[in-house]
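Here is the structure we will look at, set down as structure tokens.
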Amino acid sequence: LAETPLTSLWDADRIAGRMRELDPIYLIQHKAKVMLEVLRNESDDDDYLALVLELERALPDLIVDGQYIAAEEILKALATDLVPSSGRTDIQREAARDVLIHFCNQHTLREVVRNLAGKQRTQIDAATRIFSSLGPMAVPALLEALSQEASRPIRVHLLGMLAAIGDHALPEIRKHLRDKRWFFVRNLVWIIGEIGDARFVSHLGVIVNHPDVRVRRETVRSTAKLHHEAAIQVLLSAIEDSDHGVQLLAIRGLGRPGAHGAVERLCELLRRPNLTGNNTDIIRTAAIALGRIGSPAATPDLKKLTRRPILFRKRRIQARDAAAWALATLQGEVAGEAPEARMPQRPDDNYEGERADDEDAT
């Protein structure tokens, strides 16, 4: 049957009729494949509309059964037909657009995402590509699902799908950045960082003052991924945060080549009083950041740090090792791995994007 020549929708229906005793899912999948092949060569408006309608009916069954690759092929073909250069008529393009819009509704989307549980990596990747190819049409429903979904694994899939859409997702994300649900805002901030669009630095500059420390920490992480002069200013302001973890994340985020606008402030941190070692984490993280920036202007302060007295031997060694590493880096010597400052161990520091402590939010 698979080798039977196909020339029309009638042929597809005739073959389907001979296969009714086969497995229903195989029947649906094969019939969809047949109709898709016919669709690609169909020029008549009425026959095209009939084929599109049948493919739209097949999509939910393919999704429920986890046949994401087959669904992806259908949606990709319809998305291609939307392009003016595809040669499709206005009637055909409108029909293809309607199917894609209907597919992006909340119910269908939830079926796609919920059925990802336990699926193979290839199926998950296919589902991600589906929404990436749909672009802006899929974003509102994905965001709505992300804000309401109680299952952490499903939220992780939603985050990956939104990040895969890229810049097209950002305008819709911007509308929700002032949402009152801290966990939702934090996930949006993570997506911005993954997409890496520096145009959103100004929005992150507002969120860095969010009342919830978990949102502020994620904002600093995402801002550090945006290589833009304005990002440096946001990170500098975050150094003054009341949370020690936010401070360390901001200082660490400043440690990248070319961030010369941060050198003066980081040198000021090196001069903080530290006789008892209370500021050692801040000072050593600033020293490492200066080494990564690579500015010779930091050399005098780093040299002084290697000689500063600290009562507790362990903290004295930590500060001096960081300063020595930074100096070796500035001088072009092989300095090895940086002696990183230990970050405070809290539940929301243990993973990227979705955090382990989200259960209290859903």
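The values are calculated or read from the model by the stated rules, or taken from the named source; none is laboratory data. Just so it is clear, the structure is predicted and the values come from calculations on it, not from any experiment. Every residue, glycine among them, receives a Cβ derived from its backbone with ideal geometry; neighbour counts consider all protein chains shown.
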Those residues of the range 124-140 which are over 9 Å from MET161 (Cβ atoms) and either of a type in the set (Val, Ile, Thr) or outside any helix (DSSP H, G or I) (or both) amount to ILE124, VAL139
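Matching residues to (1) more than 20 Å from PRO300 (Cβ to Cβ); (2) hydroxyl-bearing (Ser, Thr, Tyr):
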| site | (1), (2) |
| --- | --- |
| ASP243 | yes, no |
| ALA259 | no, no |
| THR276 | yes, yes |
| ALA287 | no, no |
Checked the range 157-169 for anything more than 11 Å from LEU143 (Cα to Cα) and crowded, with 17+ Cβ neighbours inside 10 Å; matches are HIS157, GLY160, ALA163, ALA164, ILE165
Filtering the range 59-92 for residues that are at pLDDT 85 or above and of a type in the set (Val, Ile, Thr) leaves a count of 5
Checking ASP45, ASP90 in turn, the sole residue that is loosely packed, with under 15 Cβ neighbours inside 10 Å and in contact with a helix residue (DSSP H, G or I) (Cβ under 6 Å, 6 or more places away or on another chain) turns out to be ASP45
By residue number, the members of the range 221-240 that are surrounded by 20 or more Cβ atoms within 10 Å (Cβ to Cβ) and over 24 Å from the mean Cα position of the chain (by Cα) are ILE239
Would it be correct to say that VAL38 is over 20 Å from ALA164 (Cα atoms), touching a residue at least 24 places away in the same chain (Cβ under 8 Å) and not in a loop (DSSP other than H, G, I, E, B)?
-> yes
